[in-house]
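Enquirer: This is the structure I have questions about; it appears just below.
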Amino acid sequence: MSSFAGQNDEEVGSLRRQVKALSSELASARSEHLEEMRTKEQSIFAGFSKREKLQKLNAQYKAEKLELEVSVKAHSTAASAAEAENRHLNTEVKRLCKLTERLKLRITELETELATRPDLTLRMRIKLLCKKYHADKCGVGAAFTGEEVSRDLVALLSDEYGVR
């Protein structure tokens, strides 16, 4: 039995050494595992932080994009209105140019007629005086004396007939 007990003690000692070695390996594996877990947790938390920052930036960019779209819509509406006004103004300018040409022709015709008929000059000047003293043109409150009217008529006739 003593050999059996000696053998048993050796096996127990061997098993204890194996348990100790395995315990040491287990502790080392746990330590490595914890270190890997910390590293992975840090990586995950860094990813969460990065994702949160990116989500905030994304929300900010979406808001800015919406503002830009609204701004673009407003500017395009304003541009369309300006284009329509420009077309209207161009049409009006063309109309006024045609009217100016017609008036230039009419002025030329009237100047030619005045040059050929001197009596028209006197009639035109009398008509201008009538307009000057007409109540609708100068206002109801404007009262002219007979002297003013006479003075203007005398000046008109003396200019026309060369009398001073």
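Just so you know, all these numbers are worked out from the coordinates, no wet-lab data involved. Worth saying up front: this structure is predicted, and the values here are computed from it rather than measured. Don't worry about glycine lacking a Cβ; one is built from the backbone with ideal geometry, like all the others, and counts go over all protein chains shown.
Enquirer: Cut-off under 22 Å on the C-alpha distance; same-chain residues fewer than 8 positions from K94 excluded. Which lysines are left, in chain and number order?
Expert: Qualifying lysines at Cα under 22 Å: K104.
Enquirer: How many nm separate the modelled label positions at H33 and V12, each set 7 Å beyond the Cα in the direction of the Cβ?
Expert: Result: 3.0 nm between the two label points.
Enquirer: Okay, next question. Between E109 and K73, what is the label-to-label distance in nm when each label sits 7 Å out along the Cα-to-Cβ direction?
Expert: Going from the E109 label point to the K73 one covers 5.6 nm.
Enquirer: What lysines does K40 reach when the alpha-carbon gap must be under 22 Å and sequence neighbours fewer than 8 apart in one chain are set aside?
Expert: Those lysines meeting the cut-off are K50, K53.
Enquirer: Further question: Can you tally the net charge around K56? Count Lys and Arg as +1, Asp and Glu as -1, for every other residue whose Cβ sits under 14 Å from the Cβ of K56. Don't skip to the end; give the middle numbers.
Expert: Values: positive: K50, R51, K53, K62; negative: E52, E64.
Residues near K56 contribute +2 overall.
Enquirer: Using only the Cα atoms of the stretch 19-70, what are the Rg and Dmax in Å?
Expert: 22.0, 74
Enquirer: Can you list the residues of the stretch 34-68 with backbone N under 20 Å from a point 7 Å past the Cα of A81, pointing along Cα to Cβ?
Expert: 67-68
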